[in-house]
Structures are given as structure tokens and as C-alpha cells.
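Coordinate-derived values only; no laboratory data. As the structure is a prediction and not an experimental result, all values here were calculated from the model. Backbone-built Cβ (ideal geometry, glycine too); neighbour counts: all protein chains shown.
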Amino acid sequence: MSPSARLQLETASHPEALKRIVIEPLTRVEGHGKVTLLMDEDDHVRQARLHIVEFRGFEKFIQGRPYWEVPVLVQRLCGICPVSHHLAAAKAVDMLVGARQLTPTADKLRRLLHYGQILQSHALHFFHLSSPDLLFGFDADVATRNIIGVIAAHPDLAVQGVKLRKYGQEVIRVLSGKRIHGVFAIPGGVNKAFSREDREYLAKDIDQVVAWSRGAVEIARSLYVGKLETSESFGAFRSNFLSLTTPKGDFELYDGALRARDDKGQTIFDQVDCAHYLRYLHEEVKSWSYMKFPFIVSLGNDEGWYRVGPLARINNAERMPTPLAEEARKVFMAMGKGEPVHATLAYHWARMIELLYAAEAIQGLLSDADIFGTDLMVKGEPALEGIGVIEAPRGTLFHHYKVDETGAIVKANLIVSTTNNNTAMNTAVREVAAQYLDGKKLTEGLLNHIEVAIRAYDPCLSCATHALGKMPLQVELIDADGQVVDRLVKGADGELSGEAV
Amino acid sequence: MTASAGSVVLFGYGNPSRGDDALGPLLLERAEAWLGEHPELKVTPVADFQLQIEHAEDLRDQDLALFLDADASCPAPYAFRRIRPIQDDSYSTHALSPGAVLHVFERISRQVAPPAFTLSVRGVGFELGQPLSELAAQHLEAAWSLLEGLLRDARSEVWTLRLSTVE
């Protein structure tokens, strides 16, 4: 199906004659999201939209602050990927202080921090949030389709997931001094040298971490090919892909230039300096969503939307820089038979290849003498505009700031990974809704199919407020007159219950 | 390995930039400053945005666990409760409940979780960029009075006597 044909499902011709199913919020997805399905009198899905309601206020939160505070401040935007915001902001602020090229030590230590973040985030997502669906099936009893079910049925696997996540967190803690709210990247470099004691502490477990990561790739691969037909068809669609690559076109997470390829793997643009991203990418506003819809300018907003994240990065890379990950990439890419891999569920496999890359990259850096250097900072000619782009666990993350002469942020633009995947996630929801919900009774298992599709993108829908009692789940069926005809409520403890209307 | 008596892991969690969600981290900061003057106490502070599976590892070799958090619905100024390991549906989210963390610990370690408690402090506003509300600041003071006493005498049977009775 072409991107424009897909819009037929997004905007029904007569929505006033439809009834709506609202799923709010999503479980195993950070923040607060809502899915609205508009169905006709015959219970056919005519319209499907993913609403993400919590992205308001990010830029306002930053504006007016002195630029040197921003790398620390932005960590509080998100409790799931604070290090990604920290590093993207730091890269933008590097431009503001004229630090065009960091010292080798600062560059490598920032990378070490970033790989720790990738490792912990990907481990959490796969082992904790996604593996229950993949191991037990999307319709399995919710009482077992969770990490406890994984612990019971696959105890070694579950423990590995916890320990991989913990190791990534330890990398972050060692470098920044704390698990969260740490200060490490500062304008022009990093603020702390790396000690040999720190190195020894992290090095003692890294071989095991690499071995477990390699095993995780094999698990993800076998789960994918074990149910190949489902894996390739579930919420599947073709798209463009966007990511950073090295100058040679190799896989890159921390730096590099922008590459976009179309659904056949042909280049749309390549080696674009991140500072020029606005010439190539625009954001469309739609009346029904707070979140914007980015697209590639040369293709227009109907055809130019794209996917980011693990699937995009693996599809776009010529090679992985580490040997085991490269071996895994080749196996993965063979599934595309010369074209990019498009399956939504392939995100999980790609994510585990990245997990393995992160583990190998950490292993390599811990054996690199540059990490013990003490030349940590550079400065240059100050500028009034800074742009930092990084590959966060969920995809490409843009931080763009303008400052006044006092150094105060006067304008901020953030395009987070989840925003980059906005159209893709809407498309996945529509595909799954059309495939699985059409004309069927609303059940937790069926709704979970939609969540499974969204979870493949590992969206970070919001930030880290989580206070008890703040996040109930509500599922509503609303008819064409706006009347609630059915409702399913999820309490703060996650318990589902029916509620008479 | 058996922990020595009186060891406590103290979790303070929440987003410091989301208004009253800062109550957990702020209370932990207060405790850390106070603990600096009481090095004889065996308390391990753990700060985070939210609870996750790896926090189960922080429970190892501890005699007691205490979770400090903001709560939008508990009685003001705070609620001090005993909790047990529980398999709730928070497993399926990015933020585990304290009881779920205990449960994960028991399943992966095959040990009984240490006695655990929550100190939930009532908050009223949770918007990004908002400061702590005046009301929450008052609740924080009240909660600190309790917490200081708990840390001074970190025994499960003593803590049990201090549990909130009004819900």
C-alpha cells in the first residue's frame, strides 16, 4: 500500500457517521497515549488515530534558561532516555561555544555514556516489555504475558535482561556520578576524567554482557523467523528510512550525517550536515494531534514520512563497525532480499543487533587508552545557534537552540524520536486495526495487538511523571453522537475492570 | 550473604521538574544530607525517575526497604504503609510499583524480600516545569519528621508501630 493510499484510513469521508473506540493510555508505552478507532455501523474500522498528548511544553521548559544549564535540565524531560537528551543538548551547546571537534577523550567518553544508555534502554524494552508478547503470543493470558511470566518460563533469559539493563545503568552511573540527574557532558567536552578503577569495575563483566547480547540477537532472530508469516505481515508497511551514518555510510549512533533512503533502499539524500536539517525535513501540523508529523521536504508531506530507530539504522547502514554486530546485520538484511526490511516486528530483531553493537563498542572503548586522557575540553568562536543530533534508542533526536548575547535560550526546537515515528506508528495502528479488530468484539487481547504494534517502535510518549493514582487506563466506545456506549477502566495499579455506562 | 542488622535501602523517585513529582527525590536529598552527619547508619540511598526491574538488585543484602514517592491520592500529608511483594499489572509499564519490584527480587534471587514500606507524600500538581507547590512543601516537612525517626531506629517492628492508621 502506498503512503497516500494509507491516508484513506486516516481520514474517513464521513466521520460523523462512525462510532469510536478509545484506548487510553497505552500500557508498556511511556507516558500517556490514546488510540481512537472510528468504526461504522457494521463495526468496520474506517479511521484510526494515535493521539499523543503530552509533548506540549518541552520548548517552553527550555526557553529563557542559560545555555550551559540546558544539558542537565533536559534530562528531566524524560525518565526513559535522559542520557539521550543530555547528549543531544550537549552537542547543540558545543556549537554555541564553538567546539567543533571534541578531544578524543571527550568524544570517546561521551560515546561510552551513550552506549550504556542504548544498552540499558534496549535491554529493558526487549526483555521486559516486548519479549512477553513475542514468547507467549499476543493473545496469551495477560497474567502470564509479562516479565514475571518470562521469569517463570525462561528464568535465565529474564535474569539476563535484568543484568544487561543494570550493566548499562552502571556505565551511566560510573561516568556521570549518578544513575540520573548526573552531570557529565558540558559545553565543549566532559567534566570528569575516567579512572583505571572505573575501567576495571566495568571491564570485569563486559565479556559476559557481550555474550548475553549475542544470545539476545539469536533469541530475537529465532522468534522472528519461527513465526515468519506473522512476523512479516503484522502491522507491516513500506516506508522511507532516516538515520545518521558515518562518512562511509556505516552504522553510527552518536555523530555523523543524515541519510534518507526510500522503501526500495534508494538514496533520497545522504551525508547531510545535521546543521542543515531544516532544509531537508519539515514538520506538518494536524488538527487532531498535538504531535507534529515530520516529512522529507523533497517528497512532500504525503509521501515523505519516514521511520527512525533500530530498523531504520540497520537498513540504512552499509556495515556495523563491530564484528559480531556486523555478522548479525548480514543475517538480518538477507530477510529483505536486496531491499530494506519493512516489517514492524523486525524492530525487535534490529534492536537486539544494536544491543550487541553497544556491548561490543563498550568492550572496545574499555580497551582504548584514549579514555584515560585528561584533555577534556575545547572552546572556539561562540555562536548564537546550536544544533545537536543523536541517535537515541528510539531513533533520531534533534535539539536546536538559539541564544541571545547573554546566553539565554530564546528559541528551542526539539524533534524527538517518537515524533519522527509519528506517521509510522499511526500507520501501524491502522494496519493492525484493519487486520485484527474489524468487526470483532473489543477484548483486552485484541487491544493488545494494537499495543504490540506501537510497542515495536518503543515510543516514549511523555516524561517521567508517574505518581501513584495519576495514570489510569480508560477504554471507551463512543458512538457517532458522542455518547459513551462502553467503557473499560484500568486502575492505577494496572488492574482492568469493566464499568457499566 | 546475610546483611548486618539495620541496613536500609532508601528509594526516592520522581521527576524533579514535574512539580510535586519532586517530593520523592527531595525527601531523599534531605535524608542524604542528614545521613552525612550520621555515618554510623547503614542506609543506601537510590534516586531515580521511576522504579524499574533493575531496582530489584538494590534490595540484595538489605534488612529493610523504604520507597519515597509523591502520591496524588493518599491522605495528606503522607501515608506510611507496609507493602508486600505483588504481581500487579505494573509489570507491563515503564514504571513498576514498589510491590512489583519486591516480587521481581524474589523471583530472580530466590530469596525472601526484606520488609518493605512506602512513604507516600501527597502532591497536588505534576506539570512539567512547575515548582513544588506550597502545600506539597508542607507535606514534605511533615514527612521528613517521620522519616528522620525511621532512619534513627531502622527496625521493622519499630517501623510497623508508625504505620498510618487513617486512610
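Structural remarks
- Loop-located trypsin sites (Lys or Arg not before Pro) in region B:104-156 (DSSP state not H, G, I, E or B) with no more than 15 neighbouring Cβ atoms inside 10 Å: B:ARG110, B:ARG155.
- At R0 = 60 Å, FRET efficiency that the Cβ-Cβ distance of A:ALA334 and A:ALA383 yields, to 0.05: 0.85
- The protection proxy used here, the mean number of other Cβ atoms lying within 10 Å of each residue, ranks peptides A:287-294, A:240-247, A:451-458 as follows, highest first: A:451-458, A:240-247, A:287-294.
- Fluctuation leader among B:ILE86, B:ILE108, B:ILE53 - chain B, Gaussian network, Cα springs under 10 angstrom: B:ILE108
- As a calculated quantity, the FRET efficiency between A:THR406 and A:ASP270 at R0 = 41 Å, using C-beta atoms, amounts to about 0.60.
- Ordering of B:127-135, A:309-317, A:248-256 by burial proxy (mean other Cβ atoms within 10 Å per residue, highest first): A:309-317, A:248-256, B:127-135
- Calculated from backbone phi, Karplus (6.51, -1.76, 1.60) coupling profile of region B:118-128 in Hz, x at Gly/Pro: 10, 10, 9, 10, 5, x, 10, x, 9, 7, 4
- In this calculation the C-beta distance from B:ALA137 to A:VAL183 is compared with R0 = 41 Å, giving a FRET efficiency of 0.95.
- Span-rule helices in chain B, defined as complete DSSP H runs reaching 20 Å or more along the axis (Cα) with Kyte mean at least 0.0: B:134-152
- Summarising the amide proton neighbourhood of A:ALA392: residues at separation of 5 or more, or on other chains, whose placed amide H is nearer than 5 Å comprise A:LEU397.
- Take each residue of peptide A:114-127, count the partner chain Cβ atoms within 10 Å of its Cβ, and average: the result is 1.
- Principal semi-axes in Å for region B:8-160 [√(5λ), Cα gyration tensor, largest first]: 23, 19, 13
- Relative contact order (%) - region B:8-160, alpha-carbon pairs under 8 angstrom, separation at least six: 32 percent
- Within 10 Å of each Cβ in B:47-59, the average number of Cβ atoms from other chains: 6
- A protection proxy built from the mean count of other Cβ atoms within 10 Å ranks the segments A:320-332, A:200-212, most packed first, as A:320-332, A:200-212.
- In nm, spacing of pseudo-spin labels at A:GLU218 and A:GLU200 (7 Å Cα→C-beta vector): 3.3 nm
- Shielding by partners for peptide A:343-356, expressed as the average number of C-beta atoms from other protein chains within 10 Å of each residue's C-beta, is 0.
- Gain on full extension, evaluated as 0.36 nm per residue between A:ASP370 and A:ASN413 minus their Cα-Cα distance, stands at 12.1 nm.
- B:GLY12 long-range amide H proximity, modeled H, under 5 Å: B:VAL46, B:ALA47, B:ASP48, B:LEU68
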